[in-house]
Amino acid sequence: MIPYGKQSISQDDINAVVKVLESEFLTQGPVVPLFENAVSKYCNAKFSVATSNATSALHLACLALGVSSGDIVWTSPITFVASANCARYCGAEVEFIDIDPFTYNISIELLSKKLAEARQNNVLPKVIIPVHLCGNSCDMEKIYDLAIEYGFKIIEDASHALGGKYKGNAVGSCLYSDITVFSLHPVKIITSGEGGLAITNNKKYAETMRRLRSHGISTDESMFIKHNKSEIWNYQQIELGFNYRMTDIQAALGLSQLDRLDEFVSRRNYLAERYQNKLSALPIQLPILTNKSYSSFHLYVIRLDLNACKRNQREFYDYMRSKNILVNIHYIPVYKHPYYQCIKNYMELKHAEQYFSEAITLPLFPDMTEVEQDEIVKCVTEACI
Ligand SMILES: *Cc1c(COP(=O)(O)O)cnc(C)c1O
(Lines give C-alpha, C1' and ligand atoms only; values in the text may rest on other atoms or scores of the structure.)
Protein backbone atom coordinates (compact mmCIF):
# COMPACT_ATOMS: atom_id res chain seq x y z
CA MET A 1 0.00 0.00 0.00
CA ILE A 2 1.41 3.39 -0.96
CA PRO A 3 -0.04 6.35 1.00
CA TYR A 4 -0.19 9.85 -0.52
CA GLY A 5 2.21 11.14 2.10
CA LYS A 6 4.07 9.96 5.15
CA GLN A 7 6.69 11.00 7.69
CA SER A 8 10.34 9.95 7.61
CA ILE A 9 11.71 9.22 11.09
CA SER A 10 15.43 8.61 11.66
CA GLN A 11 17.31 7.14 14.61
CA ASP A 12 18.49 10.69 15.41
CA ASP A 13 14.84 11.78 15.68
CA ILE A 14 14.10 8.91 18.05
CA ASN A 15 17.17 9.69 20.16
CA ALA A 16 16.18 13.36 20.41
CA VAL A 17 12.73 12.46 21.71
CA VAL A 18 14.06 9.87 24.17
CA LYS A 19 16.48 12.46 25.54
CA VAL A 20 13.57 14.74 26.43
CA LEU A 21 11.65 11.86 28.01
CA GLU A 22 14.64 11.27 30.28
CA SER A 23 14.94 14.99 31.14
CA GLU A 24 13.24 17.27 33.65
CA PHE A 25 10.68 18.88 31.35
CA LEU A 26 8.10 17.15 29.18
CA THR A 27 5.84 20.02 28.27
CA GLN A 28 7.13 23.44 27.25
CA GLY A 29 10.69 23.59 28.61
CA PRO A 30 14.06 24.49 27.14
CA VAL A 31 13.68 22.70 23.79
CA VAL A 32 10.67 24.73 22.58
CA PRO A 33 12.66 28.01 22.43
CA LEU A 34 15.60 26.16 20.85
CA PHE A 35 13.28 24.93 18.13
CA GLU A 36 11.67 28.34 17.72
CA ASN A 37 15.06 30.03 17.34
CA ALA A 38 16.24 27.43 14.83
CA VAL A 39 13.12 27.99 12.70
CA SER A 40 13.48 31.80 12.88
CA LYS A 41 17.05 31.45 11.74
CA TYR A 42 16.09 29.08 8.91
CA CYS A 43 13.40 31.49 7.69
CA ASN A 44 15.46 34.60 8.36
CA ALA A 45 12.62 36.02 10.45
CA LYS A 46 12.68 37.62 13.88
CA PHE A 47 10.13 35.63 15.92
CA SER A 48 8.70 32.11 15.91
CA VAL A 49 5.90 30.92 18.17
CA ALA A 50 5.53 27.14 18.40
CA THR A 51 2.02 25.83 19.01
CA SER A 52 0.07 22.60 19.42
CA ASN A 53 -0.76 22.54 15.69
CA ALA A 54 -1.15 24.86 12.69
CA THR A 55 -4.86 25.28 13.36
CA SER A 56 -4.11 26.86 16.74
CA ALA A 57 -1.31 28.94 15.16
CA LEU A 58 -3.78 30.26 12.58
CA HIS A 59 -6.24 31.09 15.36
CA LEU A 60 -3.55 32.95 17.33
CA ALA A 61 -2.46 34.78 14.18
CA CYS A 62 -6.02 36.00 13.56
CA LEU A 63 -6.32 37.14 17.18
CA ALA A 64 -2.96 38.95 17.07
CA LEU A 65 -4.19 40.86 14.02
CA GLY A 66 -7.35 41.79 15.90
CA VAL A 67 -9.85 39.72 13.93
CA SER A 68 -13.19 39.73 15.73
CA SER A 69 -16.90 39.57 15.13
CA GLY A 70 -18.04 41.92 12.39
CA ASP A 71 -14.74 41.52 10.50
CA ILE A 72 -14.33 39.88 7.12
CA VAL A 73 -11.52 37.45 6.23
CA TRP A 74 -10.78 36.25 2.72
CA THR A 75 -9.05 33.01 1.75
CA SER A 76 -8.82 30.43 -1.02
CA PRO A 77 -11.60 27.85 -1.45
CA ILE A 78 -9.05 25.16 -2.38
CA THR A 79 -7.46 24.53 1.00
CA PHE A 80 -7.88 22.57 4.19
CA VAL A 81 -10.84 23.83 6.24
CA ALA A 82 -8.53 25.17 8.98
CA SER A 83 -7.52 28.12 6.73
CA ALA A 84 -11.11 29.40 7.02
CA ASN A 85 -12.08 28.05 10.45
CA CYS A 86 -9.53 30.28 12.21
CA ALA A 87 -11.55 33.33 11.18
CA ARG A 88 -14.79 31.69 12.31
CA TYR A 89 -13.28 31.03 15.78
CA CYS A 90 -12.91 34.81 16.07
CA GLY A 91 -16.49 35.39 14.97
CA ALA A 92 -15.50 36.84 11.60
CA GLU A 93 -17.22 36.19 8.30
CA VAL A 94 -15.30 34.25 5.64
CA GLU A 95 -15.35 34.94 1.90
CA PHE A 96 -13.67 32.77 -0.71
CA ILE A 97 -11.86 34.17 -3.75
CA ASP A 98 -11.59 31.80 -6.72
CA ILE A 99 -8.30 30.14 -7.65
CA ASP A 100 -5.96 30.73 -10.54
CA PRO A 101 -6.60 27.93 -13.07
CA PHE A 102 -2.88 27.22 -13.48
CA THR A 103 -1.29 27.51 -10.03
CA TYR A 104 -4.50 26.65 -8.09
CA ASN A 105 -3.53 29.36 -5.60
CA ILE A 106 -5.84 32.29 -4.89
CA SER A 107 -6.21 34.31 -8.12
CA ILE A 108 -4.40 37.65 -7.87
CA GLU A 109 -6.39 39.03 -10.78
CA LEU A 110 -9.70 38.23 -9.09
CA LEU A 111 -8.39 39.43 -5.76
CA SER A 112 -7.60 42.77 -7.25
CA LYS A 113 -11.02 43.01 -8.90
CA LYS A 114 -12.92 41.94 -5.78
CA LEU A 115 -11.01 44.41 -3.61
CA ALA A 116 -12.05 47.29 -5.85
CA GLU A 117 -15.68 46.13 -5.60
CA ALA A 118 -15.43 45.63 -1.83
CA ARG A 119 -14.11 49.15 -1.36
CA GLN A 120 -17.13 50.53 -3.24
CA ASN A 121 -19.49 48.52 -1.06
CA ASN A 122 -17.57 49.21 2.15
CA VAL A 123 -16.97 45.49 2.84
CA LEU A 124 -13.18 45.27 2.67
CA PRO A 125 -11.52 42.31 4.41
CA LYS A 126 -9.47 42.89 7.56
CA VAL A 127 -7.21 39.94 6.81
CA ILE A 128 -6.45 37.86 3.72
CA ILE A 129 -5.07 34.34 4.16
CA PRO A 130 -3.30 33.20 0.99
CA VAL A 131 -2.50 29.47 0.96
CA HIS A 132 0.65 28.15 -0.74
CA LEU A 133 -1.07 25.11 -2.20
CA CYS A 134 1.14 22.01 -2.50
CA GLY A 135 4.12 24.11 -1.30
CA ASN A 136 4.13 26.47 -4.27
CA SER A 137 4.19 30.06 -2.97
CA CYS A 138 1.55 32.57 -4.02
CA ASP A 139 2.89 35.67 -5.74
CA MET A 140 3.28 37.43 -2.39
CA GLU A 141 4.77 40.67 -3.64
CA LYS A 142 1.58 41.34 -5.62
CA ILE A 143 -0.65 40.48 -2.67
CA TYR A 144 1.47 42.74 -0.46
CA ASP A 145 1.04 45.63 -2.93
CA LEU A 146 -2.73 45.14 -2.69
CA ALA A 147 -2.48 45.08 1.13
CA ILE A 148 -0.81 48.49 1.06
CA GLU A 149 -3.45 49.83 -1.30
CA TYR A 150 -6.47 48.44 0.56
CA GLY A 151 -5.19 48.28 4.14
CA PHE A 152 -5.67 44.60 4.95
CA LYS A 153 -3.26 42.34 6.88
CA ILE A 154 -1.79 39.10 5.53
CA ILE A 155 -1.44 35.67 7.14
CA GLU A 156 0.35 33.21 4.86
CA ASP A 157 -1.03 29.71 5.40
CA ALA A 158 2.26 28.01 4.54
CA SER A 159 1.25 24.69 6.10
CA HIS A 160 2.50 23.02 2.90
CA ALA A 161 5.46 25.24 2.21
CA LEU A 162 8.16 24.90 4.88
CA GLY A 163 11.47 24.64 3.02
CA GLY A 164 10.07 26.38 -0.06
CA LYS A 165 11.28 29.70 -1.44
CA TYR A 166 9.72 32.76 -3.01
CA LYS A 167 11.98 35.01 -5.10
CA GLY A 168 14.97 33.36 -3.48
CA ASN A 169 13.84 33.97 0.11
CA ALA A 170 12.61 31.29 2.47
CA VAL A 171 8.84 31.07 2.80
CA GLY A 172 8.38 32.29 6.37
CA SER A 173 10.68 35.30 6.02
CA CYS A 174 7.46 37.40 6.21
CA LEU A 175 8.89 39.93 3.75
CA TYR A 176 5.42 40.31 2.24
CA SER A 177 3.14 39.33 5.12
CA ASP A 178 2.40 39.98 8.79
CA ILE A 179 2.48 36.38 9.97
CA THR A 180 3.30 33.03 8.33
CA VAL A 181 1.97 29.73 9.64
CA PHE A 182 3.54 26.27 9.19
CA SER A 183 2.09 22.85 10.05
CA LEU A 184 4.15 20.02 11.52
CA HIS A 185 1.51 17.33 11.05
CA PRO A 186 3.11 14.01 10.00
CA VAL A 187 2.09 14.29 6.33
CA LYS A 188 3.64 17.75 6.02
CA ILE A 189 7.26 18.55 5.14
CA ILE A 190 8.72 17.96 8.62
CA THR A 191 6.83 16.78 11.68
CA SER A 192 6.68 17.14 15.44
CA GLY A 193 3.84 14.59 15.73
CA GLU A 194 1.34 17.43 15.95
CA GLY A 195 2.62 20.97 15.88
CA GLY A 196 2.46 24.39 14.33
CA LEU A 197 4.52 27.56 14.05
CA ALA A 198 3.56 31.20 13.67
CA ILE A 199 6.40 33.32 12.30
CA THR A 200 6.52 37.12 12.33
CA ASN A 201 8.88 40.08 12.30
CA ASN A 202 6.50 42.07 14.52
CA LYS A 203 7.39 41.94 18.22
CA LYS A 204 3.91 42.90 19.38
CA TYR A 205 2.25 40.13 17.36
CA ALA A 206 4.78 37.61 18.71
CA GLU A 207 4.15 38.67 22.32
CA THR A 208 0.38 38.52 21.89
CA MET A 209 0.55 35.06 20.31
CA ARG A 210 2.89 33.81 23.09
CA ARG A 211 0.53 35.08 25.78
CA LEU A 212 -2.62 33.71 24.13
CA ARG A 213 -0.87 30.35 23.59
CA SER A 214 -0.70 30.09 27.39
CA HIS A 215 -4.17 31.07 28.64
CA GLY A 216 -3.59 34.83 28.20
CA ILE A 217 -1.35 34.64 31.26
CA SER A 218 1.64 36.94 31.79
CA THR A 219 4.49 36.48 34.28
CA ASP A 220 5.87 39.92 33.38
CA GLU A 221 5.14 42.17 36.38
CA SER A 222 5.16 45.26 34.21
CA MET A 223 2.06 43.84 32.50
CA PHE A 224 0.22 43.28 35.78
CA ILE A 225 -2.93 45.25 36.46
CA LYS A 226 -2.87 46.46 40.12
CA HIS A 227 -1.85 43.87 42.67
CA ASN A 228 -1.23 43.85 46.41
CA LYS A 229 2.51 43.34 47.00
CA SER A 230 1.86 41.38 50.20
CA GLU A 231 -0.10 38.80 48.21
CA ILE A 232 1.63 36.25 46.02
CA TRP A 233 1.00 37.26 42.41
CA ASN A 234 3.52 35.35 40.29
CA TYR A 235 1.30 35.53 37.21
CA GLN A 236 -1.81 37.28 36.02
CA GLN A 237 -4.31 36.39 33.38
CA ILE A 238 -4.50 39.52 31.28
CA GLU A 239 -6.96 38.28 28.65
CA LEU A 240 -8.81 35.14 27.57
CA GLY A 241 -6.30 32.75 26.02
CA PHE A 242 -5.92 29.05 25.34
CA ASN A 243 -3.67 26.10 26.05
CA TYR A 244 -2.08 25.92 22.61
CA ARG A 245 1.44 25.07 23.79
CA MET A 246 3.85 22.72 22.08
CA THR A 247 5.56 20.17 24.33
CA ASP A 248 9.33 19.68 24.58
CA ILE A 249 8.77 16.15 23.26
CA GLN A 250 7.27 17.59 20.08
CA ALA A 251 9.87 20.36 19.82
CA ALA A 252 12.72 17.83 20.09
CA LEU A 253 11.30 15.88 17.15
CA GLY A 254 10.75 19.08 15.17
CA LEU A 255 14.26 20.35 15.88
CA SER A 256 15.81 17.06 14.88
CA GLN A 257 13.70 16.91 11.68
CA LEU A 258 14.72 20.46 10.79
CA ASP A 259 18.24 19.11 10.13
CA ARG A 260 16.86 17.12 7.20
CA LEU A 261 14.39 19.74 5.90
CA ASP A 262 16.46 20.73 2.86
CA GLU A 263 17.17 17.09 2.09
CA PHE A 264 13.42 16.27 2.25
CA VAL A 265 12.51 19.16 -0.05
CA SER A 266 15.18 18.33 -2.60
CA ARG A 267 14.10 14.66 -2.62
CA ARG A 268 10.49 15.78 -3.13
CA ASN A 269 11.60 17.99 -6.03
CA TYR A 270 13.62 15.14 -7.53
CA LEU A 271 10.62 12.79 -7.41
CA ALA A 272 8.30 15.51 -8.75
CA GLU A 273 10.59 16.03 -11.72
CA ARG A 274 10.64 12.28 -12.28
CA TYR A 275 6.82 12.26 -12.35
CA GLN A 276 6.94 15.22 -14.72
CA ASN A 277 9.12 13.31 -17.18
CA LYS A 278 7.22 10.05 -17.00
CA LEU A 279 3.69 11.46 -17.16
CA SER A 280 4.16 14.22 -19.73
CA ALA A 281 2.60 12.31 -22.65
CA LEU A 282 -0.64 11.48 -20.82
CA PRO A 283 -3.94 13.43 -21.03
CA ILE A 284 -3.37 15.08 -17.67
CA GLN A 285 -2.27 18.52 -16.57
CA LEU A 286 0.90 18.35 -14.47
CA PRO A 287 1.86 20.95 -11.83
CA ILE A 288 2.87 24.28 -13.34
CA LEU A 289 5.55 26.22 -11.47
CA THR A 290 6.59 29.82 -11.98
CA ASN A 291 10.22 30.85 -11.81
CA LYS A 292 9.43 32.98 -8.73
CA SER A 293 8.79 29.92 -6.59
CA TYR A 294 10.81 26.93 -5.41
CA SER A 295 8.09 24.55 -4.27
CA SER A 296 8.49 22.29 -1.26
CA PHE A 297 6.20 19.83 -3.11
CA HIS A 298 4.10 18.81 -0.15
CA LEU A 299 1.59 17.47 -2.68
CA TYR A 300 1.78 16.35 -6.29
CA VAL A 301 -1.59 17.18 -7.84
CA ILE A 302 -2.51 16.19 -11.40
CA ARG A 303 -5.66 17.19 -13.27
CA LEU A 304 -7.37 14.75 -15.59
CA ASP A 305 -8.28 15.90 -19.08
CA LEU A 306 -11.78 14.47 -18.84
CA ASN A 307 -12.34 14.64 -22.62
CA ALA A 308 -9.30 12.50 -23.35
CA CYS A 309 -8.95 10.22 -20.33
CA LYS A 310 -10.41 6.72 -20.44
CA ARG A 311 -11.71 7.07 -16.89
CA ASN A 312 -13.51 9.89 -15.18
CA GLN A 313 -12.18 11.23 -11.89
CA ARG A 314 -14.22 8.88 -9.68
CA GLU A 315 -13.22 5.83 -11.76
CA PHE A 316 -9.58 6.94 -11.79
CA TYR A 317 -9.61 7.33 -8.00
CA ASP A 318 -11.23 3.93 -7.49
CA TYR A 319 -8.88 2.24 -9.98
CA MET A 320 -5.76 3.59 -8.25
CA ARG A 321 -7.10 2.65 -4.83
CA SER A 322 -7.90 -0.87 -6.06
CA LYS A 323 -4.19 -1.12 -6.89
CA ASN A 324 -3.37 -0.08 -3.30
CA ILE A 325 -2.15 3.34 -4.37
CA LEU A 326 -3.86 5.73 -1.98
CA VAL A 327 -4.45 8.72 -4.23
CA ASN A 328 -6.43 11.50 -2.62
CA ILE A 329 -8.25 14.76 -3.34
CA HIS A 330 -6.86 18.09 -2.10
CA TYR A 331 -9.24 19.76 -1.62
CA ILE A 332 -13.01 19.81 -1.60
CA PRO A 333 -13.84 23.55 -1.96
CA VAL A 334 -14.29 24.73 1.63
CA TYR A 335 -17.61 26.48 0.95
CA LYS A 336 -19.18 23.16 -0.14
CA HIS A 337 -18.87 21.61 3.34
CA PRO A 338 -22.19 21.35 5.23
CA TYR A 339 -20.96 23.69 8.00
CA TYR A 340 -20.21 26.48 5.53
CA GLN A 341 -23.39 25.79 3.57
CA CYS A 342 -25.28 26.24 6.85
CA ILE A 343 -23.92 29.68 7.58
CA LYS A 344 -24.26 31.13 4.11
CA ASN A 345 -25.43 30.40 0.61
CA TYR A 346 -21.96 30.63 -0.94
CA MET A 347 -21.77 31.14 -4.67
CA GLU A 348 -20.05 28.31 -6.59
CA LEU A 349 -16.67 29.45 -7.85
CA LYS A 350 -15.98 28.40 -11.41
CA HIS A 351 -12.29 27.49 -11.27
CA ALA A 352 -12.54 25.85 -7.85
CA GLU A 353 -15.44 23.70 -9.06
CA GLN A 354 -13.60 22.62 -12.20
CA TYR A 355 -10.47 21.85 -10.19
CA PHE A 356 -12.52 19.77 -7.74
CA SER A 357 -13.90 17.67 -10.62
CA GLU A 358 -10.47 16.95 -12.16
CA ALA A 359 -7.79 16.96 -9.45
CA ILE A 360 -6.10 13.87 -8.03
CA THR A 361 -3.18 13.82 -5.58
CA LEU A 362 -0.54 11.22 -6.40
CA PRO A 363 1.69 9.86 -3.62
CA LEU A 364 4.83 11.88 -2.89
CA PHE A 365 7.04 11.64 0.19
CA PRO A 366 10.81 11.54 0.75
CA ASP A 367 11.03 7.80 1.52
CA MET A 368 9.10 6.81 -1.62
CA THR A 369 11.33 4.60 -3.77
CA GLU A 370 11.75 4.89 -7.52
CA VAL A 371 10.34 1.37 -7.80
CA GLU A 372 7.19 2.50 -6.00
CA GLN A 373 6.99 5.59 -8.17
CA ASP A 374 7.32 3.51 -11.36
CA GLU A 375 4.45 1.33 -10.17
CA ILE A 376 2.35 4.48 -9.64
CA VAL A 377 3.27 5.76 -13.13
CA LYS A 378 2.29 2.41 -14.64
CA CYS A 379 -1.13 2.48 -12.92
CA VAL A 380 -1.75 6.12 -13.85
CA THR A 381 -1.00 5.25 -17.46
CA GLU A 382 -3.39 2.26 -17.38
CA ALA A 383 -6.05 4.44 -15.79
CA CYS A 384 -5.74 7.17 -18.45
CA ILE A 385 -5.34 5.42 -21.78
C1 LIG B 1 -2.57 20.73 7.44
C2 LIG B 1 -3.11 22.06 7.16
C3 LIG B 1 -3.57 22.92 8.18
C4 LIG B 1 -3.73 22.47 9.60
O5 LIG B 1 -2.60 21.91 10.14
P6 LIG B 1 -2.65 21.19 11.56
O7 LIG B 1 -1.23 21.26 12.01
O8 LIG B 1 -3.11 19.79 11.29
O9 LIG B 1 -3.58 21.93 12.44
C10 LIG B 1 -3.96 24.19 7.84
N11 LIG B 1 -3.93 24.62 6.57
C12 LIG B 1 -3.52 23.83 5.57
C13 LIG B 1 -3.49 24.39 4.18
C14 LIG B 1 -3.11 22.53 5.83
O15 LIG B 1 -2.74 21.73 4.82
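The values are calculated or read from the model by the stated rules, or taken from the named source; none is laboratory data. From a predicted model like this one, the values you see are computed outputs, not experimental measurements. Because the Cβ atoms are built from the backbone with ideal geometry, glycine has one as well, and the counts that use them run over all protein chains shown. Surface areas here come from the heavy atoms of the whole protein model, side chains and all, with no ligands, DNA or RNA. Shrake-Rupley method; radii C 1.70, N 1.55, O 1.52, S 1.80 Å.
Computed values, structure above
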quantity	calculated
Two-decimal Rg to Rh for the chain - Kirkwood Rh, Cα set	0.99
5 angstrom amide H check on Ile106, placed H, neighbours 5+ away	Asp100, Val131
Fluctuation leader among Ala82, Ala170, Ala281 - the chain, Gaussian network, Cα springs under 10 angstrom	Ala281
Residues with amide H under 5 Å from that of Ile284, placed H, sequence gap 5 or more	Asp305
Per-residue ³J(HN,Hα) for the stretch 163-174, Karplus 6.51 cos²θ - 1.76 cosθ + 1.60, θ = phi - 60°, Hz, x for Gly and Pro	x, x, 10, 10, 6, x, 9, 4, 4, x, 6, 6
Low-density loop cleavage sites - trypsin sites (Lys or Arg not before Pro) in the stretch 331-385, where at most 14 other Cβ are within 10 Å (DSSP)	Lys344
Rounded to the nearest 20 debye, dipole of the chain from Cβ charges on Lys, Arg, Asp, Glu	360
Within the stretch 279-322: Cβ-based charge dipole about Cα centre, in debye rounded to nearest 20 (Lys, Arg +1; Asp, Glu -1)	40
GluC sites (Glu not before Pro) restricted to the stretch 187-263 and DSSP loop, no more than 10 other C-beta within 10 Å	Glu231
Sequence-separation-based contact order of the stretch 219-308, relative, with Cα cut under 8 Å and 6+ spacing, percent	21
Estimated vicinal HN-Hα couplings, Hz - the stretch 181-194 in sequence order (Karplus 6.51, -1.76, 1.60; Gly, Pro = x)	10, 10, 10, 10, 4, x, 7, 6, 5, 10, 10, 10, x, 10
In the stretch 1-82, the GluC sites (Glu not before Pro) that fall in loop regions by DSSP, at most 15 other Cβ within 10 Å	Glu22, Glu24
Nonlocal Lys pairs with alpha-carbon distance under 20 Å, the stretch 288-385 (8 or more apart, or different chains)	5
Computed lengthening from Leu306 to Val81, 0.36 nm per intervening residue step minus Cα-Cα distance	78.3 nm
Lysines whose Cα lies under 24 Å from that of Lys204, excluding same-chain neighbours fewer than 8 positions away	Lys41, Lys46, Lys126, Lys153, Lys226
Nearest-20 debye value, the stretch 1-152 charge dipole, Cβ charges on Lys, Arg, Asp, Glu	120
Accessible carbon and sulfur surface of the chain relative to its total accessible area, %, 1.4 Å	52
